[in-house]
């Protein structure tokens with residue numbers, strides 16, 4: 001276990017349909033001193049975790065096992081007001097973001113992304129897009 005006191009860390013939940021991507025996101029969050037409270041492959045598991053853990057950060061991939069990312073974002077924000085949300089999507093599948101503010105992520109992180117871009121996404125406070133192929 002980490003020597004960092006868990007109470008000083010930001011708590012995160014990871015949602016992705018593919019296990020290897022959940023593992024990658026969990027590792028990157030831990031690298032940046034986030035406590036990962038749980039991982040889910042779909043909307044149902046994610047919302048249960050958010051209800052139980054009350055995270056401050058949600059990292060959700062567009063490819064989830066059940067439901068869709070926009071619904072997860074809206075319902076998660078209803079359960080945990082003030083929740084920061086990072087939506088991860090491949091460049092080839094750039095999502096149409098809803099017009100309702102509660103369905104929009106704080107950051108859209110486009111794969112492939114650089115470690116620096118991931119760090120900016122988890123540490124930034126304002127909305128925006130990050131990632132994509134260098135030069136895009």
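Quick notes
- Every residue from the range 88-115 that is out of contact with any helix residue (DSSP H, G or I) (no Cβ under 6 Å at 6 or more places or on another chain) and assigned to a strand (DSSP E or B): 88, 89, 90, 108, 111
- When 74, 65 are checked against the criterion of being part of a helix (DSSP H, G or I) and either in contact with a helix residue (DSSP H, G or I) (Cβ under 9 Å, 6 or more places away or on another chain) or within 21 Å of residue 123 (Cβ to Cβ) (or both), a single residue qualifies: 74.
- Residue 88 within 20 Å of residue 17 (Cα to Cα), surrounded by fewer than 20 Cβ atoms within 10 Å (Cβ to Cβ) and within 14 Å of the chain's Cα centre (by Cα): no
- Among (1) modelled with pLDDT of 90 or more; (2) surrounded by 14 or more Cβ atoms within 10 Å (Cβ to Cβ), the one test that residue 124 misses: (1)
The values are calculated or read from the model by the stated rules, or taken from the named source; none is laboratory data. Not measured: the values here are computed from a predicted model. Because the Cβ atoms are built from the backbone with ideal geometry, glycine has one as well, and the counts that use them run over all protein chains shown.
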